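Each remark here refers to the structure printed beneath this line.
Just so it is clear, none of the values below were taken in a lab; they were calculated from the coordinates. Note that this is a predicted model, so its numbers are computed, not measured. Note: ideal-geometry Cβ built from the backbone for every residue, glycine included; neighbour counts use all protein chains shown.
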């Protein structure tokens, strides 16, 4: 089976690529960060890569041509940055998802799996709001395109993923800086990477 991973060069994209290749899948990856994409290509030379933004119709149509499954991981995911730059978050998470859906309606893959967040359950910020809208778009897409199964997977905080507070604290400790705690009463739960592979 040939699968497309959007946001392939990110933390989850790399882990998913390993799993799919190990199970014999053919993988196509698209990402917009060229530096990360080059590093990704060194890790996975057998993967066909496409450099570009999913919000660009040309890029996503080219990436989705002939695939049987899509893992839509591309996202603007940093909560703090989303609050400061809501337009960028909307472009990636909402408008980019619309391009993925439009291409899937044309190409009719067997499935499209979108990655969402626990922050879409009780929306209190820009990031959660954009993912909530993405989820609603997937529901609507399934009513339009009966050839494709649209599914959503909600993740929480993944331990030591890009931007994880644990990584920030580790860097601060190594640099001899004080650890910043925004709220001493706050609690967090984390998924370990091992949990995702089962």
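Think of it as helices only: each DSSP H run of n ≥ 4 in the chain is worth -39500 (n - 2.57), and spread over all residues that comes to -12500 deg cm²/dmol at 222 nm. An oblate overall shape is assigned to region 50-152, the ratio a/c of its alpha-carbon gyration tensor axes (a ≥ b ≥ c) being 1.5 or greater and a/b not exceeding b/c.
Relative contact order for the chain: 17 percent, from Cα pairs under 8 Å spaced at least 6 residues apart, divided by residue count.
Counting every alpha-carbon pair across the chain, the share separated by more than 30 Å comes to 20%.
Ranking of 72, 122 by neighbouring Cβ atoms within 10 Å, starting from the fewest: 122, 72. Scoring 143-149, 54-60, 15-21 by mean Cβ neighbours within 10 Å over their residues and listing the highest first yields 54-60, 15-21, 143-149. Each residue in 40, 25 was given a count of other beta-carbon atoms within 10 angstrom of its own, and listing them fewest first yields 25, 40.
Protection proxy ranking of 132-139, 81-88, 5-12, 112-119, by the mean of other Cβ atoms within 10 Å over each peptide's residues and highest first, is 5-12, 112-119, 132-139, 81-88.
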